[in-house]
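Taken together, the values in this text are just the output of simple stated rules run on the coordinates, not laboratory data. For clarity, every value in this text was computed on a predicted model and none was experimentally measured. Here the Cβ positions follow ideal geometry from the backbone for every residue, glycine too, while neighbour counts run over all protein chains shown.
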């Protein structure tokens with residue numbers, strides 16, 4: 001199994017990851033995880049851990065992971081938006097066919113404000129794109 005492991009492991013954090021170099025070439029044949037860097041995908045910052053100097057290979061591997069992670073996060077964001085559209089449609093169907101008066105009273109104002117806010121943003125952004 002240890003021969004199939006990658007050279008690096010990325011522990012995902014809110015805005016990036018903690019990067020470890022994996023080592024299985026030791027006497028106990030245990031997997032050792034040596035922290036080598038902290039990365040921030042929002043600003044592209046790569047901070048070596050401690051006094052470490054990262055090699056060109058380390059940096060290339062980290063930058064490749066960062067590019068892939070940004071693409072994954074962007075795809076997930078779009079998936080979330082498409083799911084929100086589905087939820088809006090399901091909510092409309094629920095309000096029309098299943099909701100009780102009490103349930104509608106509980107959620108109507110919050111839904112209307114959220115939809116008004118979203119509509120305002122979308123209309124402004126569309127006008128910016130057209131103008």
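The stretch between residue 86 and residue 72 holds 2.9 nm of extra length on full extension. This uses 0.36 nm per residue minus the Cα-Cα distance.
Between residue 30 and residue 49, the simple label model (points 7 Å from Cα in the Cβ direction) yields a spacing of 1.5 nm. Springs between Cα atoms under 10 Å define the GNM used for the chain, and in it the highest mean-square fluctuation of 118, 22, 90 occurs at 118.
With springs connecting C-alpha atoms under 10 Å apart, model the chain as a Gaussian network and identify which of 58, 117, 77 has the largest mean-square fluctuation. Highest fluctuation of the listed residues: 117. The fewest-to-most ranking of 55, 97 by surrounding Cβ atoms within 10 Å reads 97, 55. Between residue 15 and residue 96, the FRET efficiency estimated from the beta carbon spacing at R0 = 41 angstrom works out to 0.50.
Largest mean-square fluctuation among 101, 37, 60, in a Gaussian network model of the chain whose springs join Cα atoms under 10 Å apart, belongs to 101.
Projected onto its three principal axes, the C-alpha set of the chain covers 69, 41, 24 Å, listed from the longest axis down.
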